[in-house]
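S.K.: I have a structure I would like to understand better, so I am pasting it below and will then ask my questions one at a time.
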Amino acid sequence: MKPARFQYCDPETLDEALRLLAEHGDDAKILAGGQSLMPLLNMRLARPAVLVDLSRVPELAGIRQEGDVLIIGAMTRHREAETSPLVRKCCPLLAEALGHVGHLAIRTRGTIGGSLAHADPAAELPAVAAALEAELVIAGPEGRRAVKPEEFFLTYLMTSLAPGEILAEIHFPVMTARSGWAFREVSRRHGDFALVGVAAQVTLDAAGRVERAAVALTGVGPTPVRAAGAEALLIGREPDPAQLSAACTAVTKEVEPESDLHASGEYRRHLAGALTGEALALAIRRARGEVGV
Amino acid sequence: MTQDNAGERWIGSAVRRFEDLRLLTGRGQFVDDIRLPGALHGAVLRSPHAHARVGAIDVAGALALPGVVAVYTAADLGPADRPLPVMIAHPNQADPATQRPLAKEFVHHVGDPVAFVVAESRYIAEDALDEIAVDYEPLSAVASLEEAVALGAPVAHAGREHNVAGEVSATTGDPGAAFASAYKVLDRELRIHRGCAQPMETRGVAALPGADGALTVWTSTQAPHRVRKVLAETLERSEETVRVISPDVGGAFGMKGNVYPEEVLVACAALRLGRPVRWFEDRREHFLAATQERDQIHRVSVAVDEQGRILALRDHFLHDTGAYVPYGMVVAVNTLYHLHGPYRIPALDLKVTSVYTNKSANAPYRGAGRPQATFILERMMDQIAAELGLDPAEVRRRNLIDPAAMPYDTGLRVAGRGAIIYDSGDYLETLSKALAAIGYDDFQKRQAEARIHGRLLGIGVACYNESSGSGPFEGAKVRVDRNGRIFVYAPTGDSGQGHETTFAQICADVLGVTPDAVQVVTGDTGTLPYGVGTFGTRTAALAGSAVLVASQEVKARALSVAAAVLGRPETELELHAAGVMAPDGRVLPLGRLVDQAPRVPGEGVPGLEATHYFRPEANVWPSGACAAIVEVEPRTGMVRVEQIAFVHDCGVVLNPLTVQGQVEGGVAQGIAGALFEELRYDEQGQLLTTTFMDYLMPTAMEVAPIRHDHVVCPSPHNPLGVKGAGESGVIPVAPAIAQAIEDALGGRMRVDRVPVRPEEVWQALAAGEVGS
């Protein structure tokens, strides 16, 4: 289990990284933590001629707040974001979801951008990005562009990143007042990719009615799936158990999970509904201030 | 007078393992740590097909790569191109199919070796694998037991008429009459998954050819003497010119008791090239190429009376032996004769049909057929309880063999195995201690209270006994050097059992020293000419007894030399840590006696040394009882093991810490087999679970707290009274968890197969509306 021969480049600036990608085109692959790519290389399922390691590009890492946006550099390690007080304050859904990413050793190496660009629909972060409607800021030869999650995630392990482009930053909206969040998932073992995961965030208005509801699921489709039907059922109303139950039923109707080695589509559909119920209930209680972090 | 009571001091004490400092600080010496300057690296080209005819193999592209030194196919192996021998042949198995070092004409499972590349680095060797072109003509593959025995099924070995690899039957009593007169007859079909050992250290081999033609091989094995024998045979050389060393081994679990193609390939290449060659297995190869186990389908019936006592048991079962039978019928026959278990069963009608499929060979993995038998018996015990409205523990009590009946002849006589006679055990006491440890009597109350809060708790219990300590022999040499340091050479391979510690304890008791004065050297054929290996829970009983007797012989020699030197009768002398002491206070340290020995007139070793081979008169029978509490999550069907209680009788306990380690590790593998680990193949015989993402080995988070206790019924069959603990923990866990799940669901689910998938539990919950 040794990788095929490749050339290793470790640029120190984003421009240099972009230049290397331009030079090598399809032959190059970006290394951004390596928690998915290294096994693929070792099993020779991926055989890039050139590996461009972004670990030494300082401008790609870091966490900062600009107004109502939390900006996380793509090369920020999971663990740094997970333990960041700023992330916990501005984007507690992200912090909670990060605790479910693999094991501590994986989170210490893996990066936020690497996980998003890998676009595994079973992973936690794509669902969080979808729920929060984050903006994915992409650097390319012609400058920067920002895309929404629904434009970014195309299908299994496929994004709209063009060859030569680098995911540079992720802009998460800072959570507003009267909001609550929850991330719930079910996995066979601690640290596994979840069979199904749910990222939920709810914002109430001053009267306690749902102003915004976002539910995004992992493991039920080729991309993270927003449960628009379930969200619509909640908006504009004061949430009650009947409505939550209706939202869960709606989720089970709007997802089309496939069967694989670990679970049938039918079981995943059930889990999607059950977890949505749990996640929404907790998110609403948090929005009402009934429970803390 | 010698100190007869000195023997009580170290055996049985919780001596911390001498191995641990080395292993826990990264200073272990595993095969991959053996430095061999100038060594070449091997890589194996493996079949991508489950069954295919192998045509032309073009290696020119591989040979052309810079850094590639050699590429071997079957045609290049000379005398080594032959089927590997069967480790333990069975009389009912004519024409057993075994693997060849490299496939010739046919491949029989995905991962079967086809070519061997030797290169300057593993990277280059793997590059070269990509450049080898093989003409395969794919053949129909047999991917499941059902398929293998179906009418008109394809054959797993082209050229054979059917897939049956062997059959063994055994009968006791009058099963027909018992079934005819029974109060009730219960039938069931039960299945046990295919699983495999996953040691932290995968397999690995390194070979060093010597200038004098001798060959030294380091291999991660449990049985260095077996490897030496096979290498000598296949390489057509004397065993005296082959030395096999099993250094630190990072887990083996029976899987490394086999002799593998790669051991032959590495040795063969090293001799051909006159350079050291090494090969290390990667995890994917391990999934595809190491042996696997379990995988049986049982159709079982029990006849019971009104009291729930078993009158007869009939079980005709299928065993998926994979493509090859390196261990003959050992696993299948082990299951067969463990179906009597710790119970009185007056009539048995047993038959196993071992069946070839196109999968990796089925060969012993911790338990080696025993967990299957225990799963069957214990599931039937639970069914009896359910059908008769009895408490599951009470059903067991009514059927367990009374301790006064020991030794107990089951009446079973099994081809290739002989008479099945239990030597010792108190199964009732073992069960009652396990029930007490888990709080069995209070559990129903706890369960009812939890149910009020929507929590589903369940309890299960299982009993077992196991044959262990099998022959034919195992040896040990004890030697004292001139500094008085004591060396024990016990060539059985150690793969984490702690032989360096427990053997030192045995020797220390005899020679009146502390265990740290004894250095134990294991796993080297250079130290003793004969050996078998560590497997089947046999090392404590056999090698341990050999260490004891050899130590006693050294002690006798020390006293005899001292008596001559001091001019006193032996009966006046005592052996202490300082040496042999005379009544007048004179002390002769052991090192001095080594110097004196050659000068003592008469016969005897010119030093202090003794070798003993212990040959047991019969197998010994450890036993145990396990109780499990699980919690089922009502919305998802996920099962969490809350706690396990395990009471074990391994006879005399050499070291409670090492026994605890064995039991706990076994329990972890039992939990794995009950809830997680499953090798899954598709219809073409492709293994779908080749990484730890898909093969769900439990982590520490999934393994429950374990309460552990002992019952001590010494075996009469060896001088230590030990019975062994190696396989213990894994054996009864699956049925205990299966019953606990059924109990948690209030009887609305029947667990007929393991591992139990959460989805199955959810389906049962959804159908029964339990807990809603």
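Just so you know, all these numbers are worked out from the coordinates, no wet-lab data involved. None of the values given here were measured: they were computed from a predicted structure. So basically every Cβ, Gly included, is an ideal-geometry build from the backbone, and we count neighbours across all protein chains shown.
S.K.: Between A:ARG145 and A:THR176, take the C-beta separation as r, use R0 = 30 Å, and let me know the FRET efficiency to the nearest 0.05. Don't skip to the end; give the middle numbers.
M.R.: Details: r = 26 Å, r/R0 = 0.87.
With a Förster radius of 30 Å, E is 0.70.
S.K.: On average, how many beta carbons from a partner chain sit within 10 Å of the beta carbon of a residue in A:274-282?
M.R.: Per-residue shielding by partner chains comes out at 1.
S.K.: Starting from one equal scatterer on each C-alpha and no solvent at all, send me the Debye-based log10 I(q)/I(0) for the range A:47-201 at q = 0.21 Å⁻¹, two decimals.
M.R.: Values, matching the q order: -1.54.
S.K.: Using amide H atoms built in the peptide plane, which far-off residues or other-chain residues are under 5 Å from B:LEU608 H to H?
M.R.: B:VAL480
S.K.: Here is a further query. Would you please report the Å³ per residue occupied by the convex hull of the alpha carbon atoms in the range A:125-259? Write out the running numbers ahead of the final one.
M.R.: Values: hull volume 17.2 nm³, N = 135.
In the range A:125-259, the Cα convex hull volume per residue is 128 Å³.
S.K.: Could you work out the mean projected area of the convex hull around the alpha carbons of the range B:543-582, in square nanometres to one decimal?
M.R.: Values: hull surface 11.3 nm².
In nm², the orientation-averaged hull projection of the range B:543-582 is 2.8.
S.K.: Then there is this: Can you give the FRET efficiency for A:ARG44 and B:THR699, using 1/(1 + (r/R0)^6), R0 = 30 Å, r = Cβ-Cβ distance, to the nearest 0.05?
M.R.: Details: r = 27 Å, r/R0 = 0.91.
E between A:ARG44 and B:THR699, to the nearest 0.05, is 0.65.
S.K.: Using a 7 Å offset from the Cα along the Cα-to-Cβ direction at both A:ALA22 and B:ASP481, what is the distance between the two label points in nm, to one decimal?
M.R.: 6.9
S.K.: For the peptides B:357-367, B:337-347, B:457-467, what is the packing order when you average, over each peptide's residues, the other Cβ atoms within 10 Å and list the highest mean first?
M.R.: In decreasing order of mean packing, B:357-367, B:337-347, B:457-467 become B:357-367, B:457-467, B:337-347.
S.K.: How much of the pair distance distribution for the range B:18-118 lies past 23 Å, counting alpha-carbon pairs only, in percent? Before the final figure, lay out each step's value.
M.R.: Numbers: 2440 of 5050 pairs.
Value for the range B:18-118 (Cα pairs over 23 Å): 48 percent.
S.K.: Quick query: amide H of B:GLY411 versus all other amide H atoms, modeled in the peptide plane; which residues come in under 5 Å with a sequence gap of 5 or more or a different chain?
M.R.: Under 5 Å from the amide H of B:GLY411: B:ILE420.
S.K.: If you don't mind, there's one more thing I want to ask. Output wanted: per-residue J couplings in Hz (rounded whole) for the range B:712-723, from phi through Karplus 6.51 cos²θ - 1.76 cosθ + 1.60, θ = phi - 60°, x for Gly and Pro.
M.R.: 10, 10, x, 7, x, 8, 8, x, 7, x, 8, 10
S.K.: Multiply the residue gap between B:MET200 and B:GLU603 by 0.36 nm, knock off their C-alpha separation, and tell me the result in nm, one decimal place. Mind showing how you got there, number by number?
M.R.: On the way: separation 403, 0.36 × 403 = 145.08 nm, distance 4.93 nm.
Extra length from B:MET200 to B:GLU603 when fully extended: 140.2 nm.
S.K.: Measure up A:LYS29/A:LYS148; A:LYS2/A:LYS148; A:LYS29/B:LYS104; B:LYS104/B:LYS229 against 32 Å on the Cα-Cα distance and list the ones that go over. Mind showing how you got there, number by number?
M.R.: Details: A:LYS29/A:LYS148 23 Å; A:LYS2/A:LYS148 37 Å; A:LYS29/B:LYS104 40 Å; B:LYS104/B:LYS229 23 Å.
Among A:LYS29/A:LYS148; A:LYS2/A:LYS148; A:LYS29/B:LYS104; B:LYS104/B:LYS229, the Cα-Cα distance tops 32 Å for A:LYS2/A:LYS148; A:LYS29/B:LYS104.
S.K.: Principal axis lengths of the range B:351-407 from Cα atoms, whole Å, largest first?
M.R.: On the principal axes, the range B:351-407 reaches 43, 32, 21 Å in Cα extent.
S.K.: With viscosity set to 1.002 mPa s at 20 °C, what whole-number translational diffusion coefficient in µm²/s follows for chain A from Stokes-Einstein and a Kirkwood radius over Cα pairs? Present the calculation step by step, with values, prior to reporting the outcome.
M.R.: Working: Rh = 19.4 Å.
The Stokes-Einstein estimate is 110 µm²/s.
S.K.: Report the gain in length on full extension from B:LEU688 to B:ASP709: 0.36 nm times residue separation, minus Cα-Cα distance, nm rounded to one decimal. Intermediate results must be reported in sequence, preceding the final value.
M.R.: Numbers: separation 21, 0.36 × 21 = 7.56 nm, distance 3.93 nm.
This chain segment gains 3.6 nm when fully extended.
S.K.: Follow-up question, since we're still on this one. Using only C-alpha atoms and all pairs of different ones, pull out the Kirkwood radius for the range B:411-455 in Å with one decimal.
M.R.: Numbers: mean 1/r = 0.0710 Å⁻¹.
Here the Kirkwood hydrodynamic radius works out to 14.1 Å.
S.K.: Can you give the FRET efficiency to the nearest 0.05 for B:TYR530 and B:ALA405, using r as the Cβ-Cβ distance and R₀ = 22 Å?
M.R.: On the way: r = 37 Å, r/R0 = 1.68.
Plugging the Cβ-Cβ distance into 1/(1 + (r/R0)^6) gives 0.05.
S.K.: In nanometres, what is the gap between the two model label sites at B:ALA766 and B:ALA75, each 7 Å from Cα along Cα-to-Cβ?
M.R.: 5.7
S.K.: Helix A:241-254: angle to the longest alpha-carbon principal axis of chain A, degrees 0 to 90, nearest 10?
M.R.: 40
S.K.: So what are the range A:197-293's ellipsoid semi-axes, whole angstrom, largest first, if each one is the square root of 5 times an eigenvalue of the alpha-carbon gyration tensor?
M.R.: Values: eigenvalues 126, 31, 23 Å².
In descending order the semi-axes read 25, 12, 11 Å.
S.K.: Continuing with this model, one more query. Around B:VAL600, which amide H atoms from residues at least 5 apart in sequence, or from another chain, sit under 5 Å from its own amide H, with H modelled in the peptide plane?
M.R.: none
S.K.: Using all C-alpha to C-alpha distances in the range B:212-362, build P(r) with 10 Å bins and read off the rounded percent in each one.
M.R.: Percent of pairs per bin, in order: 10, 30, 25, 17, 11, 5, 1, 0.
S.K.: Here's something else I'd like to know. Pairs of Cα atoms under 8 Å, at least six residues apart: use those to get the relative contact order of chain A, whole percent.
M.R.: Details: 683 pairs, mean separation 44.4, N = 293.
About 15 percent, as a whole number.
S.K.: Can you give the mean number of other chain Cβ atoms that lie within 10 Å of the Cβ atoms in peptide B:674-684? Before the final figure, lay out each step's value.
M.R.: On the way: counts 0, 2, 2, 0, 1, 0, 1, 0, 1, 0, 0.
Going residue by residue through B:674-684 and averaging, the value is 1.
S.K.: Can you run the Rg to Rh ratio on the range B:708-772? Use alpha carbon positions and the Kirkwood inverse-distance Rh.
M.R.: Numbers: Rg = 18.4 Å, Rh = 14.7 Å.
Ratio value, two decimals: 1.25.
S.K.: Just the Cα atoms of the range B:351-457, one point each, no solvent: what log10 I(q)/I(0) does Debye give at q = 0.16 Å⁻¹?
M.R.: Summing over Cα pairs of the range B:351-457 leads to -1.02.
S.K.: Still on this structure, please answer the following. Once you put a point 7 Å from the Cα of A:ARG189 and another 7 Å from the Cα of B:ALA556, both along the Cβ direction, what distance in nm separates them?
M.R.: 5.2
S.K.: What helices does chain B hold that run 30 Å or longer along their axis, going by alpha-carbon atoms, with a Kyte-Doolittle average of 1.0 or more, using DSSP H for the helix calls?
M.R.: On the way: long enough: B:539-566 (38 Å, 1.26).
In chain B, the long hydrophobic H runs are B:539-566.
S.K.: From the phi of every residue in the range A:38-45, what ³J(HN,Hα) in whole Hz does the Karplus formula 6.51 cos²θ - 1.76 cosθ + 1.60 yield, where θ is phi - 60° and glycine or proline is x?
M.R.: For the range A:38-45, the Karplus-derived couplings read 4, x, 5, 5, 5, 8, 6, 7 Hz, x marking Gly and Pro.
S.K.: Just report the Cα centroid separation between the range A:66-127 and the range B:645-722, whole Å.
M.R.: Taking the Cα centre of each part, the range A:66-127 and the range B:645-722 sit 37 Å apart.
S.K.: Right, something else. Name the trypsin sites (Lys or Arg not before Pro) in the range A:237-278 that are in a loop by DSSP and that have at most 14 other C-beta atoms within 10 Å, would you?
M.R.: Qualifying residues, ordered by number: A:ARG237.
S.K.: What's the average, rounded to a whole number, of partner chain beta-carbon atoms within 10 Å of each residue's beta-carbon in B:451-460? Can you show the working numbers first?
M.R.: Numbers: counts 0, 0, 0, 0, 0, 0, 0, 0, 0, 0.
Shielding by partners across B:451-460 averages 0.
S.K.: Report the per residue volume, in Å³, of the convex hull enclosing the C-alpha atoms of the protein assembly as shown.
M.R.: Details: hull volume 205.6 nm³, N = 1065.
Value for the protein assembly as shown: 193 Å³ per residue.
S.K.: Still on this structure: Mind checking the full-extension length gain between B:TYR123 and B:ARG9? Use 0.36 nm per residue of separation minus the Cα-Cα distance, one decimal, nm.
M.R.: Details: separation 114, 0.36 × 114 = 41.04 nm, distance 5.33 nm.
35.7 nm is the gain from fully extending B:TYR123 to B:ARG9.
S.K.: Could you let me know the centre-to-centre spacing of the range B:574-616 and the range A:10-34, using Cα atoms, in angstrom?
M.R.: 73
S.K.: Sticking with this structure for a sec: Find the Rg to Rh ratio for the range B:399-506, where Rh is the Kirkwood radius over alpha-carbon pairs and Rg uses the same atoms.
M.R.: Numbers: Rg = 22.7 Å, Rh = 19.3 Å.
That ratio is 1.18, to two decimals.
S.K.: Per residue of the range B:75-81, what does 6.51 cos²θ - 1.76 cosθ + 1.60 with θ = phi - 60° give for ³J(HN,Hα)? Whole Hz please, x for Gly and Pro, Karplus curve as stated.
M.R.: Those phi angles translate into 5, 8, 8, x, x, 6, 7 Hz.
S.K.: Counting DSSP beta bridges in the range B:120-271, what percent are antiparallel, to the nearest 5?
M.R.: Details: 5 of 9 bridges.
Roughly 55 percent of the beta bridges in the range B:120-271 run antiparallel, per DSSP.
S.K.: With the calculation restricted to Cα positions, what are the radius of gyration and Dmax of the range B:231-314 in angstrom?
M.R.: Looking at the range B:231-314, its Cα Rg and Dmax stand at 22.2, 73 Å.
S.K.: Let me ask something additional. Which of the aspartates and glutamates could a cross-linker span from B:LYS359 if the Cα-Cα distance has to be under 17 Å and same-chain partners fewer than 8 positions apart are dropped?
M.R.: Answer for B:LYS359, where 17 Å is the Cα cut-off: B:ASP112, B:GLU146, B:GLU147, B:GLU285, B:GLU293, B:ASP295, B:ASP320, B:GLU677, B:GLU678, B:ASP682, B:GLU683, listed by chain and number.
S.K.: Provide, in order from the shortest bin, the percent of all Cα-Cα pairs of the range A:160-227 in each 5 Å bin, continuing until the bin that contains the maximum pair distance.
M.R.: All Cα pairs, binned at 5 Å, distribute as 3, 13, 17, 16, 18, 16, 11, 4, 1, 0 percent.
S.K.: Cα centroids of the range B:527-562 and the range A:196-236: how far apart, whole angstrom?
M.R.: Centre-to-centre (Cα) distance: 70 Å.
S.K.: What does DSSP give for chain B in terms of the percent of beta bridges that are antiparallel, rounded to the nearest 5?
M.R.: Details: 99 of 128 bridges.
Bridges in chain B are about 75 percent antiparallel.
S.K.: Return an integer: the convex hull volume of the alpha-carbon atoms of the range B:294-374, in Å³ per residue.
M.R.: Working: hull volume 6.3 nm³, N = 81.
So the per-residue Cα hull volume is 78 Å³.
S.K.: When all C-alpha to C-alpha distances in the range B:135-243 are sorted into bins of 10 Å, what percent of pairs does each bin hold, rounded to whole numbers?
M.R.: 9, 19, 18, 27, 15, 8, 2, 0
S.K.: Rule-of-thumb check for chain B: C-alpha Rg over 2.2 N^0.38 Å? Could you put the intermediate results ahead of the total?
M.R.: Working: Rg = 27.3 Å, N = 772, 2.2 N^0.38 = 27.5 Å.
Here the answer is 0.99, to two decimals.
S.K.: Continuing with the same structure: Send over the Kirkwood Rh of the range A:225-275, from the inverse of the averaged 1/r over different Cα pairs, rounded to one decimal Å.
M.R.: Values: mean 1/r = 0.0876 Å⁻¹.
Evaluated on the range A:225-275, it is 11.4 Å.
S.K.: What is the ratio of the Cα radius of gyration of the range B:652-772 to 2.2 N^0.38 Å, with N the residue count, to two decimals?
M.R.: Working: Rg = 18.2 Å, N = 121, 2.2 N^0.38 = 13.6 Å.
Working it through for the range B:652-772, the quotient is 1.34.
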